[in-house]
Amino acid sequence: MRSGAKVAIVGGVFVVVASGVGYGGYNLWNGIMGGSDGTVSTSGSDGRRTGPVTDEEVTATAKDFLAAWAGGESEQAAQLTNDPVSAGSALLGFRAEAAVSAATITPGPARGATVPFTVKATVTNAGVSKPWTYSSQLTVVRGLTTGRPLVDWKPSVVHPKLKPGASLRTGFAKAGAIQAVDRRGRPLTAEKYPSLGPVLDQLRERYGATAGGKPGVEVVVDAGVEGVPDTSLLTLTKGEEGKLETTIDADVQAAAERAVKQYGSASVVAVQPSTGAVRAVANSPANGFNAAFEGKKMPGSTMKIVTAALLLEKGLVKADQAAECPRTAMYYGRTIGNLEGFSLNGATFGKSFARSCNTAFIKKIDDVGDDSALGKEAKEVFGIGLEWKTGIRSVDGSVPAETGGAAAEQYIGQGTVQMNPLNMASITATAKYGSFKQPYLVAKDLDDREFATAERKLPSSVAQQLRQMMRLTATAGYGTASGVMSSVGGDKGAKTGSAEVGGQTTSDSWFTGYSDDLAAAAFVEGGGHGVDAAGPVVARVLNAD
């Protein structure tokens, strides 16, 4: 601790006073000595303590670390962690790069080995000072070589939005501020719509200069990766905002935010079939990763929309003609069955689609005569794999070429098929409209980017039958989506799905549907059947339009 530092009790809280400036914290030396009385309990002949950290060790180590950090003693604080080099650099940057001139750090009650705390700091840059308050947490572990209790170092200790390789920085923002608005001119903010946080950061990074805004002075998380936008944490001096129009509909976005919030891991996207305009994108948790646009998951039986289109185009099935739906079907030694072993004797292909009969699709693979045909259909008609330019980062799905049993799994959305809610909402929009319209968040003339175009549209007879089968799924008493979609009005259709993921006791829940000129798709990790979790999310979004 720097010369002249004293420990006092102010208002019942220990405060480290250094060079006349008060910083919230606790006695550093207790942690270095190993306990409040300077003694260390040991186990073993080498005197090194072993076993889980004790409650006393957790409390003392956290207090001492936070005291050193708050007092600007980055080197001493770093020595109380299990990664002094990384910790020292980050803690020094808290003062030097983030321009924190003073800090009070108050720990809360420990939860096992984890201690939450609140940082109340003052940031000073170019003569301007502003308070900055946030919460984070740390975990205490036992050092592998020394046996000492140490803070388990992670960048998120300094700030919850810091990830490895990232750093805090205070200064002029890289891009001008923007005021993003929805399609009716209503403001869109991360405070009101948390899922839009990473979306707005990317839009600002890409379009801040062209939108007419001027940078202000901010505390940001600098990702340290080219192309990854800064995340603004605090504004010291406001710049001038440039207006940026998006395709989002604030009403649909609000419904999407509420719908996914009830689940630990869920995403939903809404798209307008006639234009490709994205009306909503929401994720839970809203933690910075836009899984709705960038996720890669097996889509389960929602993929049967594409498979059905393929079989219809090949003339191998018709919606109103009988198709085999036995309990099981085999293809190249791979046996695939239906949920709970059901079968449909003499049922039409349309009813098999509505009931989500796996075997009705598997039985037709031999007749297609090309194991890679599904991927071709997905790309040529539905635009999957065409490098969409939505205005922000997005992954536009993948159906890699497979053979044998792996190809059979793809027919029902398992195996190597990778999709996200953006992809499935677009596939549904294509089925509804009859041709692919690339999804987008901002107009292409903002940066003259080229939209992806599909090689061909669905033949009108195929599009009509596909919509007929999706309507049956959403409205017929035997349709797997009829219950969930009963509250949705307009011309409507849907497809349910569940994806069996190795290592999960419960399948991932998928659901996609449309109502008039709005299509939506949702994913809920471990949500079970499509109607159990993802279905209600989509219904709430469709009802918001």
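The values are calculated or read from the model by the stated rules, or taken from the named source; none is laboratory data. Not measured: the values here are computed from a predicted model. Ideal geometry is used to build each Cβ from the backbone, glycine not excepted, and the neighbour counts take in all protein chains shown.
A few remarks follow.
- Subset of the range 91-114 [in contact with a helix residue (DSSP H, G or I) (Cβ under 6 Å, 6 or more places away or on another chain) and within 30 Å of Ala173 (Cβ to Cβ)]: Leu91, Leu92, Val100, Ala103, Ile105
- If the condition is being surrounded by 16 or more Cβ atoms within 10 Å (Cβ to Cβ) and either among the aliphatic types (A, V, I, L, M) or not in a helix (DSSP H, G or I) (or both), then the range 83-105 contributes Ala87, Ala90, Leu91, Glu97, Ala98, Ala99, Val100, Ala102, Ala103, Thr104, Ile105.
- Lone qualifier among Leu472, Leu466, Leu422 - being in a helix (DSSP H, G or I), of a type outside the set (Gly, Ala, Ser), in contact (Cβ under 8 Å) with a residue 24 or more places away in the chain and closer than 30 Å to Tyr207 by Cα: Leu422
- Search result, residues across the range 113-136 that are touching a residue at least 12 places away in the same chain (Cβ under 8 Å) and assigned to a loop (DSSP other than H, G, I, E, B): Ala113, Ala126
- Among the residues of the range 482-518, those that are of a type in the set (A, V, I, L, M) and either touching a Lys or Arg at 6+ places or on another chain (Cβ under 6 Å) or closer than 17 Å to Ser356 by Cα (or both) comprise Val484, Met485, Ala494, Ala499.
- Single unsatisfied condition, Ala476 versus (1) farther than 22 Å from Gly276 by Cβ; (2) within 29 Å of the chain's Cα centre (by Cα): (2)
- Unmet requirement for Asp182, which otherwise passes all of (1) surrounded by 14 or more Cβ atoms within 10 Å (Cβ to Cβ); (2) not assigned by TED's automatic domain parsing to the domain that holds Lys238: (2)
- Cβ-Cβ under 6 Å pairs, at least 6 apart or on other chains, the range 500-518 side touching a residue at least 12 places away in the same chain (Cβ under 8 Å) and assigned by TED's automatic domain parsing to the domain that holds Asn420, far side crowded, with 24+ Cβ neighbours inside 10 Å and among the aromatic types (Phe, Trp, Tyr): Trp510/Phe523
- Being closer than 19 Å to Trp510 by Cβ and either surrounded by fewer than 23 Cβ atoms within 10 Å (Cβ to Cβ) or modelled with pLDDT of 95 or more (or both) holds for only one residue in Phe361, Phe349, Phe342, and it is Phe361.
- Condition check for Thr275: closer than 20 Å to Gln414 by Cβ and either under 16 Å from the mean Cα position of the chain (by Cα) or polar (S, T, N, Q) (or both): no
- For the range 49-65, the candidate set comprises residues that are outside any helix (DSSP H, G or I) and of a type outside the set (Lys, Arg); within that set, the residue that is farthest from the chain's Cα centre (by Cα) is Thr50.
- Condition broken by Ala291, with the remaining ones in (1) within 22 Å of Arg471 (Cα to Cα); (2) touching a residue at least 60 places away in the same chain (Cβ under 8 Å) satisfied: (1)
- The strands (runs of 3 or more DSSP E) found entirely in the range 144-228 that carry 1 or more residues being touching a helix residue (DSSP H, G or I) at 6+ places or on another chain (Cβ under 9 Å) and touching a residue at least 40 places away in the same chain (Cβ under 8 Å) are 149-151, 167-172, 178-181.
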